[in-house]
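First up is the structure itself, then whatever we jot down about it.
The values are calculated or read from the model by the stated rules, or taken from the named source; none is laboratory data. Source: prediction; values computed, not measured. Note: ideal-geometry Cβ built from the backbone for every residue, glycine included; neighbour counts use all protein chains shown.
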Amino acid sequence: MRSFSKISSVVSATALFAALVLPASAMAVELSNSSASYGDKVSLIHNDYGKDVVIRSDVSIDDLRKMRDTISEQSRQIEELKRSSGSSSSSSGKEIDDLKNKVKDQDRELDTLGRQVEDLKRNSGSGSNSNSSEISNLKQKINDQDRAMDQLKRTVEDLSRKVK
């Protein structure tokens, strides 16, 4: 950040340069070591049809101070944004890494669950085979008992007819 005495030095240097460039007869410029104050205007060298003349501009010292302050504030904001965007990108990078780890964990869990399902299928498949053979055996026994009951029924009927 420049101090304001440098701005007044620039103004003084501009006036000095104008004094050196202009012919001695056209000079009416006085140089001073005092600092610029509020409301002072910046002097400019203007080429007026081939003739360099010193003119007062509409730019005041106060305008230059405001511009300097604005630039300083904008520079500070830019630096702050750089710092904050750097930290947010690193934090978002960390969040991405966390999410990748969660996805890997979930993949491992899915693999484990898939293996468990396959194991259950194999176990229940052999169990269902044994269950179906047991069911077939039971059905066979029931059918045999039905036949035996039917035969006993016929025998009881035969005996009851003989008794009558």
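A few notes on this one:
- Tally of residues being basic (Lys, Arg) and loosely packed, with under 11 Cβ neighbours inside 10 Å across region 28-55: 1
- Residue pairs meeting the criteria (Cβ under 8 Å; at least 6 apart or on separate chains; first hydroxyl-bearing (Ser, Thr, Tyr) and at pLDDT 85 or above, in region 138-164; second surrounded by 10 or more Cβ atoms within 10 Å (Cβ to Cβ) and not in a helix (DSSP H, G or I)): none
- None of 60, 84, 89 is at pLDDT below 90 and surrounded by 12 or more Cβ atoms within 10 Å (Cβ to Cβ) except 60.
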